[in-house]
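The values are calculated or read from the model by the stated rules, or taken from the named source; none is laboratory data. Bear in mind the structure is a predicted one, so any value in this text is a computation, not a measurement. Cβ coordinates were reconstructed from backbone atoms using ideal geometry, including for glycine residues, and neighbour counts include every protein chain displayed. Please note that ligands, DNA and RNA were not included when accessible areas were found on the heavy atoms of the full protein model with its side chains. Shrake-Rupley method; radii C 1.70, N 1.55, O 1.52, S 1.80 Å.
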Amino acid sequence: MTRIQFIDVNFPPSNLPSSLDIESRLKRHLHQLRQKTGTVREDYFLEDLDRLKVRRRTEAYLNAVARKSGMGHLGKDDRKKLEVFRKGAELKSVETEHRADEIASALHAEMPWMAEATERVWQDMRASVRNGDPAPRLRPLLLVGPPGIGKSFWARLLGDKLTVPTTVIEATGEPAAFSVTGSQRGWGSAGPGKPLEGIMASGIANPVVVVDEIEKAGIVDSNRGMRFSLSEGMLPLLERFTAARWSCPFFRVSFNMSWITWVMTANSLSGLPAPFLSRCPPLHLSALSAEDLKGFATREGGRRSLPDDAIAAVHEVIAAIDKPQLVSLRSVVRMLDAVDRAIHRPVLH
């Protein structure tokens, strides 16, 4: 595992004395100075003016250190939060092309109908290994297809196979523009975006970030007449060069977000602007066939240790449906849930 510099600041020395220590040193120095000049008081008492000067010099010193670090504009609590990056952040690697083959094979075995997405990731992983990259450089993915075919499930599975954290952002359920990029101070919900929060929590610089149903993200309007759209806010994060020095609007310092694997899902391209589509050309996925649904039921039922006859019953239900393309993975999961509950229902005496 490789560790990289993740934040563009110069952290103060870890042994930097506290304000209390600095004030104590200045008071001792003042007392010693007055001893030399013969103006020291016998009771060692410092007047209020002396204490005020000591406090001001202490604050001036600490502020100068903070300015030099690049975090002088931040409060003590925010500087403390960023301390997690003092030693950088870690990258989870894919060491060999053989390991890339194993990951792609596992993805395909689980969800063969997502072959086009798996193929893209597989080629990117192998290219990263050949280039000697410390971690996979995966191009942003925009998965477009009918609802319920497992687009976000595949993205979560990718994070699991890469052994990296996965952050999921529902574009329809919140101000998605701020959920991804964060917001400036002054907004009621000001804070860093979820991708950065996830990296701060895990210490892993190359998570998988899933933005679900991105075409449905609304536009946030400020009380100053400014508008913020998710697709436009993400543009700097989708370009490797700009993402490497991406400026967080909340902390107002730069972070290396270039190692994130972005997976966006959409049911259609409606409302997505051309600059966004140029950075992540869409992969169009088809509806599921009856065989896809049966295969998923078999694998998911096996994970739950359901008996073969129970899984066969689910297969029969799928086969009886005239239009299997109208059945989603969620429907199959609900069927399996019902079977699971029936099998494990407590016996009434």
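Quick look at the numbers
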| item | result |
| --- | --- |
| Answer residue from segment 163-192, given it is in contact with a helix residue (DSSP H, G or I) (Cβ under 6 Å, 6 or more places away or on another chain) and at pLDDT 90 or above and is farthest from residue 103 (Cα to Cα) among those | 169 |
| Matching residues in segment 3-24 - criterion: being outside any loop (DSSP other than H, G, I, E, B) and more than 30 Å from residue 207 (Cα to Cα) | 19, 20, 21, 22, 23, 24 |
| Inter-residue pairs, beta-carbon under 6 Å, first under 17 Å from residue 234 (Cβ atoms) and in segment 264-286, second open to solvent by less than 20 Å² (accessible area, probe 1.4 Å) and of a type in the set (Val, Ile, Thr), 6+ apart | 264/211; 264/214; 266/144; 266/214; 282/144 |
| Output for segment 88-104, where each listed residue is surrounded by fewer than 18 Cβ atoms within 10 Å (Cβ to Cβ) and touching a strand residue (DSSP E or B) at 6+ places or on another chain (Cβ under 7 Å) | 88 |
| Those strands (runs of 3 or more DSSP E) lying entirely in segment 219-318 with at least 2 residues open to solvent by less than 20 Å² (accessible area, probe 1.4 Å) | 261-266 |
| Those residues of segment 270-292 which are under 24 Å from the mean Cα position of the chain (by Cα) and aliphatic (A, V, I, L, M), in sequence order | 272, 277, 283 |
| Scope segment 139-150; condition under 23 Å from the mean Cα position of the chain (by Cα) and surrounded by fewer than 23 Cβ atoms within 10 Å (Cβ to Cβ); matching residues | 139, 140, 144 |
| First in segment 2-22 and farther than 30 Å from residue 93 by Cβ and open to solvent by less than 50 Å² (accessible area, probe 1.4 Å), second anywhere and outside any loop (DSSP other than H, G, I, E, B) and charged (D, E, K, R), Cβ under 9 Å, 6 or more apart | 12/68; 12/79; 17/25; 22/57 |
